[in-house]
Amino acid sequence: MNKRQTLQEISEILDTYCVDCLLKKHFREEYGKNYAHSFCINNCTVGQKIKKVGEKLSN
């Protein structure tokens, strides 16, 4: 998989799951942007999938 395909896959995941995410919106309002971002990266299954796909870019 090349870089362009990997970025396209990440973009599709973000557009599908993250744009209207209620958890992200709630955490951002209650705890702030940093907490919401940290939650998405470390605890959300979609965020973990994005991380896994993104690791292909560093190889």
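Just a few scattered comments:
- Segment Tyr31-Cys18, length gained on full extension (0.36 nm per residue, minus Cα span): 2.9 nm
- Average Cα contact separation per residue, the chain, under 8 Å, 6 or more apart, as relative contact order %: 40
- In this simple spin-label model, placing a label point 7 Å from the Cα along the Cα-to-Cβ direction at both Leu57 and Ile41 gives a separation of 1.3 nm.
- Cβ-placed point charges (K, R +1; D, E -1), dipole of the chain about Cα centre in debye, nearest 20: 220
- Long-range Cα-Cα pairs in segment 13-59 (distance over 12 Å), rounded percent: 62
- For the chain, lysine pairs separated by 8 or more sequence positions, or belonging to different chains, with Cα-Cα distances below 27 Å total 17.
- Label-to-label distance for Gln8 and Lys49 is 1.8 nm, based on points extended 7 Å past Cα in the beta-carbon direction.
Each value in this text was obtained by applying a stated rule to the coordinates, not by laboratory testing. Bear in mind that the values here come from a model prediction, so they are computed numbers and not experimental data. For neighbour counting, all protein chains shown are included, and Cβ atoms are generated from backbone atoms with ideal geometry for every residue, glycine included.
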